[in-house]
Amino acid sequence: FDGQGPGAALMPILEVNVINAGKYAEGHLMEAALDFPSTTEEVQAVLKRIGVDGVRYQEVFITEHDSPISGFCHCFTQYDHIDELNYLSHLIRAFSPDALEKFQAVIEAGEHNGCAGELINLALNLDSYEFFPGVDSEEELGRIYAEDMELLEVSEPLRKYMDYEAYGRDTSINENGSFAGGGYLRPSGDAFQERYHGHEDIPAEHRFFDFPRLNIRERLAAYREVSASPIKTKKHRADVGREER
């Protein structure tokens, strides 16, 4: 995700649309793009642009994910918190190329990819997997295990009769392995531990969600509008995602 050349800007890990949930429930679409990793100032600017000021409107939901990581965008829900997306993006940015390749393979294999929280746990548990890039068939897996890794003794005269495909297939079944991301993925033997349980587990330095800072005039106007308006119903709340402080 590095830019090209010295001083080039880093590419975003993830791009999303942030939508004002309250306005959406009222029949108005107010949205703005936000890139991750982000900063408090960037989050505040986006929230101000869509009218989420912490007084009149306090909730948002996320749509239209985009990322250079293959298959990544299908792993999120509209309920994922901005701070979760930001923390996950920082974890991914710290990956080595090999770790990123393994991360993508696990996602493609369909494991731990149901929401931002699951992806955070995956990013914190990559040692639970081993990934062999380029090994993309049962026959190749069988040859590597039998010949290169010498896990099966086969004399030279018998090698031409060896069914490497069947051996590779049995090996992948026994190891609970799979072919994904252009390689072979298998459990490493290290237990997968649920280290992330919710927003409270995000390190303080990655909690960037904050409402815009309103000046006195803006705050008074917001409170006047709220006090003068009829109480808004919550009937659309279950239909849209939301960010909660």
List, in order, the whole-Hz ³J(HN,Hα) value for each residue of the stretch 70-85 obtained from phi through the Karplus relation with A = 6.51, B = -1.76, C = 1.60 and θ = phi - 60°; use x for Gly and Pro.
4, x, 5, 6, 8, 9, 10, 10, 5, 8, 4, 7, 4, 5, 5, 5
Set the Förster distance to 45 Å, then compute FRET efficiency between residue 176 and residue 26 from the Cβ-Cβ distance, nearest 0.05.
0.35
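Kindly rank 17-25, 94-102, 131-139 from highest to lowest mean number of other beta carbons found within 10 Å of each residue.
17-25, 131-139, 94-102
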For the stretch 1-114, which whole percent of the accessible surface, found with a 1.4 angstrom probe, sits on carbon and sulfur atoms?
48
Given 0.36 nm per residue, what is the gain on full extension from residue 211 to residue 166 after removing their alpha carbon distance, in nm?
10.3 nm
Ignoring ligands, DNA and RNA, how do 167, 87 rank by accessible area with a 1.4 Å probe, largest first?
167, 87
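The values are calculated or read from the model by the stated rules, or taken from the named source; none is laboratory data. All values reported here derive from a predicted model rather than from experimental measurement. When we count neighbours, we look across all protein chains shown, and the Cβ atoms used for this are built from the backbone with ideal geometry, even at glycine. Heads up: the accessible areas ignore ligands, DNA and RNA and are worked out on the full protein's heavy atoms, side chains in. Shrake-Rupley method; radii C 1.70, N 1.55, O 1.52, S 1.80 Å.
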